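Novice: Please read through the structure below; I'll follow up with questions.
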Amino acid sequence: MVIGDLRIHTDLDALSYAVAQRWVELADASIAARGKFHVALSGGSTPHALYRRLANPEFAQRIPWDRVHIYFGDERTVPPDHADSNYRMAREALFDHVPIPAAQIFRIEGEMDDPHDAATRYARTLTAMLPLGAQGVVQFDMLLLGVGPDGHIASLFPGTPALHERARFVEAVHVPQLDTWRISITYPVIDHARFVVMLVSGENKASIMHDIFTKREAPPYPVQLINPRGTLEWHLDRAAATSLPNGLRE
């Protein structure tokens with residue numbers, strides 16, 4: 001696994017502020033270079049804090065929302081108004097509070113009867129809307145990811161066949177541990193993003209962070225299988241970093 005740039009922040013609030021600042025910087029650079037900012041969102045409590053920060057006028061007024069295009073790294077197989085929907089969380093925390101055109105928000109249709117059909121439809125959306133990078137793989141300007149306590153990223157869970165998918169951009173993933181289906185981007189999409197930004201907070205993530213940065217599991221954790229061609233940034237709060245070796249925490 002490529003370690004990348006590790007940044008440790010005092011708490012979740014400081015982490016959210018720092019990543020909101022990175023959002024502004026990367027949006028400005030992407031829009032100046034290519035006219036648009038294509039960003040994929042993650043679900044979870046840590047990204048939720050970031051989205052609320054971005055909705056604050058301190059940041060919202062600095063972002064040219066008419067040039068921002070929003071996507072999702074994964075979704076539950078639920079309708080968009082369901083309490084478990086990543087889209088609903090992002091809408092309530094961010095979209096409802098900023099002037100982003102609705103046509104520039106591309107959600108995964110988790111409510112479809114067949115998750116494979118939903119994955120195929122979303123892959124077509126990504127191919128139609130995103131620029132292509134090396135080897136014809138779609139390329140986000142910024143891709144936000146969290147890390148689960150089992151090392152999963154997006155909805156790429158340990159032991160699932162999606163860990164081996166290298167052709168399709170989006171995959172329907174059956175997660176036996178949760179007895180459910182998810183829809184997720186795959187490793188090629190993660191690896192070809194210009195910036196991959198990992199958000200990790202809380203003491204309950206300290207053990208997995210220690211393992212990720214110090215051990216080579218067999219089989220590896222899903223997060224250890226990433227191999228970004230672009231820039232990888234880790235943003236941890238102090239609680240999530242408590243078990244890291246001193247050399248990494250300095």
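Every read-out reported here was derived from the displayed coordinates using simple, explicitly stated rules and does not represent laboratory data. All figures in this text were calculated on a predicted structure; none of them were measured in a lab. When we count neighbours, we look across all protein chains shown, and the Cβ atoms used for this are built from the backbone with ideal geometry, even at glycine.
Novice: Let me know the charge dipole size of segment 1-144 about its Cα centre in debye, to the nearest 20, where only the beta-carbon of Lys, Arg (+1) and Asp, Glu (-1) is charged.
Specialist: Here the size comes out at about 460 debye.
Novice: Right, something else. Show me, for segment 193-200, the HN-Hα J-couplings you get by feeding each phi into the Karplus relation (A = 6.51, B = -1.76, C = 1.60, θ = phi - 60°), rounded to Hz, glycine and proline as x.
Specialist: These are the phi-based 3J(HN,Hα) values: 5, 5, 9, 9, 10, 8, 10, 9 Hz.
Novice: Quick check for you: which residues of segment 1-39 have the amide N under 20 Å from the point 7 Å beyond the Cα of TRP65 toward its beta carbon?
Specialist: Under 20 Å, as judged by backbone N against the label point of TRP65, lie 17, 19-32, 35-39 of segment 1-39.
Novice: Further, regarding this structure: Kindly give Rg over Rh for segment 146-229, based on alpha-carbon atoms, with the Kirkwood expression for the hydrodynamic radius.
Specialist: 0.94
Novice: Looking at segment 24-154, I'd like the Rg to Rh ratio, where Rg is from alpha-carbon atoms and Rh is Kirkwood's inverse mean 1/r.
Specialist: A ratio of 0.95.
Novice: What trypsin sites (Lys or Arg not before Pro) in segment 128-213 are in a loop by DSSP, with at most 16 other Cβ atoms within 10 Å of the Cβ?
Specialist: Loop-located and lightly packed - ARG166, ARG168.
Novice: Let me ask something additional. Given the Cα-Cα distance of MET129 and GLU217 and 0.36 nm per residue of separation, how much length would full extension add, in nm?
Specialist: Length gained, MET129 through GLU217: 28.0 nm.
Novice: Please name which of SER42, ALA193, GLN104 has its Cα lying farthest along the dipole of the chain towards the positive end, using unit charges on Cβ (Lys, Arg +1; Asp, Glu -1) and the Cα centre as origin.
Specialist: Going by the charge dipole, the pick is ALA193.
Novice: When the Kirkwood radius is taken over all Cα pairs of the chain, what Stokes-Einstein diffusion coefficient follows at 20 °C and 1.002 mPa s, in µm²/s?
Specialist: For the chosen part, D equals 118 µm²/s.
Novice: Taking the beta-carbon count within 10 Å as an exposure proxy, list MET209, MET112, MET129 from fewest neighbours to most.
Specialist: Taking fewest neighbouring Cβ atoms as first place, the list is MET129, MET112, MET209.
Novice: At a 10 Å Cβ-Cβ cut-off, how would you order HIS38, HIS9, fewest neighbours first?
Specialist: Starting with the residue having the fewest Cβ neighbours, the order is HIS9, HIS38.
Novice: Turning to a different aspect of this structure: In sequence order, what are the phi-derived ³J(HN,Hα) couplings for segment 26-43 according to the Karplus relation 6.51 cos²θ - 1.76 cosθ + 1.60 with θ = phi - 60°, rounded to whole Hz, with x for glycine and proline?
Specialist: For segment 26-43, the Karplus curve yields 6, 4, 4, 5, 5, 5, 5, 8, 10, x, 9, 10, 9, 10, 9, 9, 10, x Hz.
Novice: Still on this structure: Which whole-Hz ³J(HN,Hα) couplings does segment 84-89 yield from phi under the Karplus relation 6.51 cos²θ - 1.76 cosθ + 1.60, θ = phi - 60°, glycine and proline marked x?
Specialist: 8, 6, 4, 4, 4, 4
Novice: Please provide three numbers in whole Å: the alpha-carbon extents of segment 4-97 along the principal axes, with the largest listed first.
Specialist: 36, 34, 29
Novice: Next question, about the same structure. With each run of n ≥ 4 DSSP H residues scored as -39500 (n - 2.57), what mean residue ellipticity at 222 nm is computed for the chain after dividing by its residue count and rounding to the nearest 500 deg cm²/dmol?
Specialist: One gets -9500 deg cm²/dmol as the mean residue ellipticity at 222 nm.
Novice: Stretched out fully, how many nm does the piece from ARG168 to ASP11 gain, at 0.36 nm a residue minus the Cα gap?
Specialist: 52.8 nm
Novice: What is the extension gain from VAL24 to ASP114, computed as 0.36 nm multiplied by their sequence separation minus the C-alpha to C-alpha distance, in nm to one decimal?
Specialist: 28.7 nm
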